[in-house]
Amino acid sequence: MALIDRIKDKTAKIGVIGLGYVGLPLAVEKAKAGFSVLGFDVQQDKCDKINRGENYIGDIVPEELKDLVSKGLIKATTDFDGLKDCDVVAICVPTPLDKFKQPDLSYVEASTKEVAKRLHKDMLVVLESTTYPGTTEEILKPLLEASGLKVGTDIYLAFSPERVDPGNATYKTHNTPKVVGGCTAQCTEIAKTLYESVLDAPVFVVSSPKEAEATKILENTFRIVNCALANEMAILCHKMGINVWDVIKAASTKPFGFVPFYPGPGIGGHCIPLDPFYLTYKAREYDYHTRLIELAGEINDSMPDHVVERLMDLLNDRSKPLRGSKILLLGVAYKGDIDDLRESPSLKVWEQLERKGAVVNYHDPYCPEVDWKGEKVSSVDITGKSLKEYDAVVIATAHKNKVDYKLVADNSSLVFDTKNVLAPTLKVDPSELENAYLL
């Protein structure tokens, strides 16, 4: 039976390499669709948890994972020899930047080499990890074809970018539209059939892996640039004595030509701070300098410094130096109501505060413990009494579901709200509060 027929009747066995924020939800959706799924990861702890039916990703319903494991539809292993039995392999590994903001594709290359060792005819390989245009054809294709099997004839290769938005209550893996681009028309058709068999969302076909790769980069570049614009407006509006949050709210009443983005202490997560710089890197091959992307990155990267400078000014107005002041950082996750610390700007604010001599504690109901400079640091409890002990509280993450912001506002001597969470929560303009200040 041809691969496309095995996909249609759900007898194809699917492998997912990388069981993190992208890979595990994808594996769950494929198993829910009726496929037998084998997950691969280099971390034994992750595999053990999955095989026990224990969930560690916020967007997955724990009971669903446990049920799929009990039915034998999902298993996990560190032994990549299991790839031999897979008809389809999705690569969902990290694509970080190095300290020079150069792409690090070592995880993608290592995963592809593991697949190449066990490649067989009529196998589909799909890269989901975000990367620069050209990666699938320039890196994966030669590594796979070194086996002697040819893409488009013996095996099939495509790129389909992940579109994971942790904590999004509306759009999850199963109902987010998919983009697919294969190396050949047949590669595209088989990959499209796969995702149509799994998702409750449209699958949009583009002409090549390059177009699919560029699509994902454009999506995140759109966000980094508009986040930078919002952050720069926040800085300027503060200098001009204007409430930037009111400005954005007013601009949002326009029914066309405007999409609201909001300022904050910086940007975090795996996508926005990193992915656009894959395009910057690739652009150099074409002797092109992506000035707008790099400038946006500079503005966003400067926001933790701006937050600390503003806090210093607010303390100075109370005749208090930052050095020696006791600061409570309210929220360390990069985004509200999730536990994800990746590239969190809150951690950068924390680092800057300590560098300037402040004594910092944090409270985050989603992150009860964090690794901080090689040590485990725990979230502190907040009470009316404990809040009075701090010289300032910095709201760095908008956790709307598990933080009592009225308690914070009523008992803190100074609250610096970088996320505009007080106004919508307390239903009052922070300017009416003597102790509260907005970014």
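The values are calculated or read from the model by the stated rules, or taken from the named source; none is laboratory data. Since the model is a prediction, treat every value here as computed from it, not as a measurement. In this analysis, Cβ positions are derived from the backbone assuming ideal geometry, glycine residues included, and neighbour counts consider all displayed protein chains. What goes into the accessible areas is simple: the full protein's heavy atoms, side chains included, and nothing from ligands, DNA or RNA. Shrake-Rupley method; radii C 1.70, N 1.55, O 1.52, S 1.80 Å.
Given the options G82, G72, name the one that is on the phi > 0 side of the Ramachandran plot, in contact (Cβ under 8 Å) with a residue 24 or more places away in the chain and of a type outside the set (D, E, K, R).
Going through G82, G72 in turn, just one is on the phi > 0 side of the Ramachandran plot, in contact (Cβ under 8 Å) with a residue 24 or more places away in the chain and of a type outside the set (D, E, K, R): G72.
Under 8 Å between Cβ atoms, which residue pairs at least 6 apart in sequence (or on different chains) link something in the stretch 382-405 that is over 22 Å from V308 (Cβ atoms) and modelled with pLDDT under 95 with a partner that is part of a loop (DSSP other than H, G, I, E, B) and among the charged types (D, E, K, R)?
Hits for this filter: K400/D337; N401/D337; K402/D337.
The conditions are (1) loosely packed, with under 15 Cβ neighbours inside 10 Å; (2) at pLDDT below 95; (3) part of a loop (DSSP other than H, G, I, E, B), and G268 fails exactly one of them. Which is it?
Here G268 clears every test but (1).
Can you say whether L315 is open to solvent by 60 Å² or more (accessible area, probe 1.4 Å) and either modelled with pLDDT under 95 or among the aliphatic types (A, V, I, L, M) (or both), as far as the supplied structure shows?
Spelling it out, it is not the case that L315 is open to solvent by 60 Å² or more (accessible area, probe 1.4 Å) and either modelled with pLDDT under 95 or among the aliphatic types (A, V, I, L, M) (or both).
What about K66, is it touching a Leu at 6+ places or on another chain (Cβ under 8 Å), open to solvent by 60 Å² or more (accessible area, probe 1.4 Å) and not in a loop (DSSP other than H, G, I, E, B)?
The answer is no for K66.
Could you tell me which residue of the stretch 249-265 is surrounded by the most Cβ atoms within 10 Å (Cβ to Cβ), considering only residues that are more than 15 Å from R223 (Cα to Cα) and small (G, A, S)?
A251
With I4, I17 as the choices, which residue is farther than 18 Å from H174 by Cα, surrounded by 23 or more Cβ atoms within 10 Å (Cβ to Cβ) and in contact (Cβ under 8 Å) with a residue 40 or more places away in the chain?
I17
Just the residues that are open to solvent by less than 20 Å² (accessible area, probe 1.4 Å) and of a type in the set (V, I, T), please, taken from the stretch 222-248.
Once the filter is applied, which keeps residues that are open to solvent by less than 20 Å² (accessible area, probe 1.4 Å) and of a type in the set (V, I, T), the stretch 222-248 yields I224, V244, I248.
Per-residue answers, yes or no, for (1) over 17 Å from V225 (Cα atoms); (2) in a helix (DSSP H, G or I):
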residue	(1), (2)
Y278	no, yes
R284	yes, yes
Y288	yes, no
L292	no, yes
L295	no, yes
S302	no, yes
V308	yes, yes
L315	yes, yes
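State yes or no: is K216 touching a Cys at 6+ places or on another chain (Cβ under 9 Å), of a type in the set (D, E, K, R), under 30 Å from C187 (Cβ atoms) and modelled with pLDDT of 95 or more?
yes
Counting only residues that are in contact (Cβ under 8 Å) with a residue 40 or more places away in the chain and crowded, with 18+ Cβ neighbours inside 10 Å, how many does the stretch 277-311 have?
17
In this structure, does A333 turn out to be small (G, A, S), surrounded by 14 or more Cβ atoms within 10 Å (Cβ to Cβ) and assigned to a loop (DSSP other than H, G, I, E, B)?
Yes; evaluated as a whole, the condition is true for this residue.
What single numbered condition from (1) open to solvent by 70 Å² or more (accessible area, probe 1.4 Å); (2) under 23 Å from L157 (Cα atoms); (3) more than 18 Å from the chain's Cα centre (by Cα) fails to hold for A90?
(1)
Looking at F261 and the list (1) of a type outside the set (G, A, S); (2) modelled with pLDDT of 95 or more; (3) not in a loop (DSSP other than H, G, I, E, B), which single condition is not satisfied?
All conditions pass for F261, except number (3).
Got a sec? Which of E189, E196 is touching a residue at least 60 places away in the same chain (Cβ under 8 Å), within 23 Å of V151 (Cβ to Cβ) and in contact with a strand residue (DSSP E or B) (Cβ under 9 Å, 6 or more places away or on another chain)?
E189
Of the conditions (1) crowded, with 20+ Cβ neighbours inside 10 Å; (2) touching a strand residue (DSSP E or B) at 6+ places or on another chain (Cβ under 6 Å), K326 fails just one. Which one is it?
(1)
In the stretch 1-46, which residue that is more than 21 Å from F80 (Cα to Cα), in a loop (DSSP other than H, G, I, E, B) and not hydrophobic (A, V, I, L, M, F, W, C) is farthest from the chain's Cα centre (by Cα)?
Only one residue tops the list, namely D9.
With the condition kept exactly as written, say whether any residue in the stretch 177-198 is closer than 24 Å to P94 by Cα, in contact with a helix residue (DSSP H, G or I) (Cβ under 9 Å, 6 or more places away or on another chain) and open to solvent by 40 Å² or more (accessible area, probe 1.4 Å).
No.
May I ask you to say which residue of K150, K121, K117, K141 is open to solvent by 10 Å² or more (accessible area, probe 1.4 Å), in contact with a strand residue (DSSP E or B) (Cβ under 6 Å, 6 or more places away or on another chain) and modelled with pLDDT of 95 or more?
After ruling out the rest, the residue left standing is K141.
All but one of (1) open to solvent by 20 Å² or more (accessible area, probe 1.4 Å); (2) small (G, A, S); (3) modelled with pLDDT of 95 or more hold for G374; which doesn't?
In the conditions (1) open to solvent by 20 Å² or more (accessible area, probe 1.4 Å); (2) small (G, A, S); (3) modelled with pLDDT of 95 or more, G374 misses (3) alone.
Is there any pair with a first residue in the stretch 38-49 that is farther than 17 Å from G15 by Cβ and a second that is among the β-branched types (V, I, T) and at pLDDT 95 or above whose Cβ atoms are under 8 Å apart and which are 6 or more apart or on different chains, and what are they?
Between residues of the stretch 38-49 that are farther than 17 Å from G15 by Cβ and residues that are among the β-branched types (V, I, T) and at pLDDT 95 or above, the close pairs are Q44/T78.
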